[in-house]
1. Sorted by average packing, counted as other Cβ atoms within 10 angstrom per residue and highest first, what order do 83-89, 65-71, 2-8 take?
2. Taking a probe of 1.4 Å, how large is the accessible area per residue of the range 84-127, in Å²?
Amino acid sequence: ERTAELSSYIFMMNHAMMYYISNYSEGTFLLFTLLGLYAIYSGKPAKSCEGARDYFLPQTHRVLTACFMFGCATLTRSTGIFLSIFVAFHMGNKILVNARNFPALLKYCFVSFVCVLVLIVPLWIIT
């Protein structure tokens, strides 16, 4: 906890902070990226995935929320599309864990398709 507080102070004193407080899109991109990461990694793991793996698998609505935030980050900067790696990792693991449960598999495949649409559509708007 002390390390996180210290790192936030160092970040605020950074000489490149000029880009975050001026009228550029870096600050907005950082906001949406951090909100998306917070949505994925906060909360409890999904009940269907407890004990299946050693790592954290978030609930599906948290992944969709993060996907929306990452889509907003893609609207601000086109490099936001690389944030889809977080969503692909978690949804791919959910699909692998529930491969024997066909209704859950269809649900996660549909959610993955929606996530792809939410992340790709901002690129069409930008260009």
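The values are calculated or read from the model by the stated rules, or taken from the named source; none is laboratory data. Every value quoted in this text rests on a predicted model; they were computed, and no experiment measured them. Cβ sites come from the backbone with ideal geometry, for glycine too, and all protein chains shown count toward neighbours. Each accessible area value is taken on the protein alone, full model and side chains, heavy atoms only, with ligands, DNA and RNA left out. Shrake-Rupley method; radii C 1.70, N 1.55, O 1.52, S 1.80 Å.
1. Numbers: 83-89: 17.1, 65-71: 23.6, 2-8: 8.4.
Order by mean packing, descending: 65-71, 83-89, 2-8.
2. On the way: 2810 Å² over 44 residues.
On a per-residue basis, the range 84-127 sits at 64 Å².
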